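To keep things clear, I will list the structure first and then write my remarks on it.
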Amino acid sequence: MHSNIVSLVRGFVRLRVRGKQTELLLNRLVDEHIMVWNISRMNEELELDIHLSDFYRLRAFLKETGCRMRVIARFGVPFWLHRLERRKFWVAGLLGFVLGLYMLSSLVWSVQIIGNERVSAQTVREIAAEQGIRPWAWKFLLADLDTLSARLMQRIPEAAWIGVSVQGTRVTIELVENTVPEERPLMNPRHLVSTSDAVITEIITEQGKPMVRRNMRVKKGDILISGIIGSDNFQQVVVAKGEVKGLVWYEYEVNVPLKQSRKVYTGNKQDRFYLVFGNRALQITGYGHEPYAQEVKRQEREVLKWRDYTLPFGWINEETYEVRIDTYEINPDSAKQRGLSQVRADIVAKFGTEAQIHDEKILHESIQNGKVYMKVLLEVEHSISEERPIVPLAAGDPISD
């Protein structure tokens, strides 16, 4: 192994020697202490390896023995250096590339902020930049990570903990913010009053004086929970809080056509591709298609991103489907169910999913001009309270509801 390394450092060549006195040539080389190895014979030819420094001493022995030689291979550092010298511009470019790659990998390319909710990312970036954490900063000039974390903690009091980590060319700043109790908005004294005529089904009083009880009938505007508490001699105004539910009756007039229409896809489709530059789009494919009489378009937009940055370039894949409008008839029972479904959906939209429909009554039903007409009465249980401010009275005036 050692001799192989030495041979590579000194350099050696592989020769093919031809002649009738090749054995005499070998004997003369041995006598002169010239080392040869990897000797192989092929008829009147010899192949052997010899050091580059001894190669130049062969001329006299070849002339003495009448042999001829030819170099068939070259090995070792001297030949490598010679090849590199002939390609010095290529070598310089390779070294420049390696040096540039090392320098680029030593820079901070992006700063990522995670874990922030109340503290804006821009604020964290500005404070971090004061500590040298910014794009295109040298990583080896940054302070150690623990020191950076401590400095950021001093500048950002809203954070309970800050960690700084470096992954490649990205610096990540992770925040754990302090837990701040939610500030309750200041409320003026108020009553809770009824939003409509109803029968009370449930009342839960958190603060204030309940003025109604279960199964009591109330009118719109009646006080449900009073914000005035205390006796006649000593009264105090508070913010009335609680929940009051009641049964309320709603009357709807609904009409549903017996002839319905719907969109049906025909299976024909047109594809278009656009390149996007900022707010402009350039169509690339999909020319020559006639627009459909009825169509539905679907677009998928993609934008180019580099790390945390969104570039103003992208593309749009647009698919246009041909549709036709089919007309079909439904029976009166189906129309009735559709009308009731519309009424139920309106109740949920107005009062939320907690509203419960206890009863549905169809007061009147008729079929006229291809439509089903209905008058529907619904009994609905939902929250019926709303706020009414208590108007402050002049000094000395008694407080009253």
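The Rg/Rh ratio of the stretch 262-326, with Rg taken over Cα atoms and Rh as the Kirkwood radius over Cα pairs, comes to 1.12.
A dipole drawn for the chain from +1 and -1 charges on Cβ atoms has a positive end, and of THR179, LEU141, LEU94 the residue lying farthest that way is LEU94. Ordering LEU192, SER53, TYR373 by Cα displacement along the dipole of the chain toward the positive end leaves SER53 in first place; charges were set at the Cβ atoms of Lys, Arg (+1) and Asp, Glu (-1). Our estimate of slack between LYS219 and GLU206, defined as 0.36 nm per intervening residue step minus the Cα-Cα distance, is 2.5 nm. Grouping the Cα pair distances of the stretch 110-177 into 10 Å bins from zero gives a pair-distance distribution of 21, 62, 16, 0 percent in increasing distance order. Rolling a 1.4 Å probe over the protein heavy atoms leaves VAL176 with an accessible area of roughly 70 Å². The share of accessible area on the chain that comes from carbon and sulfur is 52 percent, using a 1.4 angstrom probe. Each Lys and Arg Cβ is given +1 and each Asp and Glu Cβ -1; about its Cα centre, the stretch 262-326 then shows a dipole of about 180 debye. Which distance in Å, rounded to a whole number, links the C-alpha centroids of the stretch 242-315 and the stretch 10-87? Comparing the Cα centres of the stretch 242-315 and the stretch 10-87, I get a distance of 81 Å.
Scanning the chain for GluC sites (Glu not before Pro) in DSSP loops with at most 16 neighbouring Cβ atoms within 10 Å leaves 184-353 as the longest stretch between them. Selection among ILE223, ASN38, PHE277 by position relative to the dipole of the chain gives ASN38 as farthest towards the positive end (Cβ unit charges, Cα centre). Within a straight-line Cα-Cα reach of under 30 Å, LYS20 can be paired with the following lysines, leaving aside sequence neighbours fewer than 8 residues apart in one chain: LYS63.
Can you tell me the accessible area per residue over the stretch 110-177, all protein chains present, probe 1.4 angstrom, in square angstrom? The partial results should precede the final answer.
Details: 3780 Å² over 68 residues.
In whole numbers, the stretch 110-177 has 56 Å² accessible per residue.
Counting heavy atoms of the protein chains alone, HIS364 has an accessible area of about 100 Å² for a 1.4 Å probe.
Given +1 on the Cβ of Lys and Arg, -1 on the Cβ of Asp and Glu, and no further charges, what dipole in debye does the stretch 298-377 carry about its Cα centre, rounded to the nearest 20? Working shown, then result.
Numbers: 12 positive and 14 negative charges, 49 e Å.
So the magnitude is around 240 debye.
Would you list, by chain and number, the lysines whose Cα falls below 23 Å from the Cα of LYS245, excluding same-chain residues fewer than 8 positions away? Qualifying lysines at Cα under 23 Å: LYS209, LYS219, LYS220, LYS350, LYS361. Per the Debye calculation on the chain with a single equal scatterer at every Cα and no solvent contribution, log₁₀ I(q)/I(0) for q = 0.12 Å⁻¹ amounts to -1.06.
Given DSSP loops and a limit of at most 10 other Cβ atoms within 10 Å, what is the longest stretch of the chain that contains no such chymotrypsin sites (Phe, Trp or Tyr not before Pro)? Write down the numbers at each step before the final one.
Numbers: sites that count: TYR56, TRP136, PHE234, TYR287.
For chymotrypsin sites (Phe, Trp or Tyr not before Pro) (loop position, at most 10 other Cβ atoms within 10 Å), the longest site-free span of the chain is 288-401.
Ignoring ligands, DNA and RNA, what accessible area per residue does the stretch 4-82 give at 1.4 Å, in Å²?
Per-residue accessible area for the stretch 4-82 comes out at 65 Å².
Averaging 1/r over each pair of different alpha-carbon atoms in the stretch 77-121 and inverting the result gives 14.2 Å, the Kirkwood hydrodynamic radius.
Taking a ≥ b ≥ c as the square roots of the eigenvalues of the alpha-carbon gyration tensor, the stretch 279-396 is classed oblate because a/c is 1.5 or more while a/b is no larger than b/c. Based on the reciprocal of the average 1/r between different C-alpha atoms, the Kirkwood radius for the stretch 311-377 equals 16.0 Å.
Among the trypsin sites (Lys or Arg not before Pro) in the stretch 298-335, those placed in a DSSP loop whose Cβ has at most 13 other Cβ atoms within 10 Å are ARG307.
May I ask for the Kirkwood hydrodynamic radius of the stretch 4-82, worked out over all distinct Cα pairs and given in angstroms to one decimal?
Working: mean 1/r = 0.0784 Å⁻¹.
Averaging 1/r across every pair of different Cα atoms and inverting gives 12.8 Å.
Taking all protein chains together and rolling a 1.4 Å probe, LYS297 ends up with roughly 110 Å² accessible. Taking the DSSP bridge list for the chain and keeping only pairs wholly inside it, about 95 percent are antiparallel. All C-alpha to C-alpha distances of the stretch 201-347, sorted into 5 Å bins beginning at zero, yield P(r) values of 2, 7, 9, 8, 7, 7, 6, 6, 7, 7, 9, 10, 7, 4, 2, 1, 0, 0 percent in whole numbers. Rolling a 1.4 angstrom probe over the protein heavy atoms with all chains in place gives the stretch 244-401 an accessible area of 69 Å² per residue. The largest-to-smallest principal axis extents of the Cα set in the stretch 36-81 are 33, 23, 15 Å.
Rounded to the nearest 0.05, what FRET efficiency is calculated for ASP359 and ARG170 with R0 set to 60 Å and r the Cβ-Cβ distance? Don't jump to the answer; show the numbers that get you there.
Values: r = 63 Å, r/R0 = 1.05.
About 0.40, to the nearest 0.05.
For the chain, a crude dipole built from +1 on the beta carbon of Lys and Arg and -1 on the beta carbon of Asp and Glu, taken about the Cα centre, is about 2800 debye to the nearest 20.
For the pair SER341 and ARG134, label points projected 7 Å from Cα toward Cβ lie 6.1 nm apart.
Quote the FRET efficiency, to the nearest 0.05, computed for ALA60 versus ARG16 with a Förster distance R0 of 22 Å and r equal to the Cβ-Cβ distance.
Numbers: r = 19 Å, r/R0 = 0.87.
Efficiency, from the Cβ-Cβ distance: 0.70.
The values are calculated or read from the model by the stated rules, or taken from the named source; none is laboratory data. Keep in mind the model is a prediction, meaning the values are calculated, not measured. All Cβ positions, even for glycine, are placed from backbone atoms using ideal geometry, and neighbour counts span all protein chains on display. When the accessible area is computed, the model is the full protein with side chains, heavy atoms only, and any ligands, DNA or RNA have been set aside. Shrake-Rupley method; radii C 1.70, N 1.55, O 1.52, S 1.80 Å.
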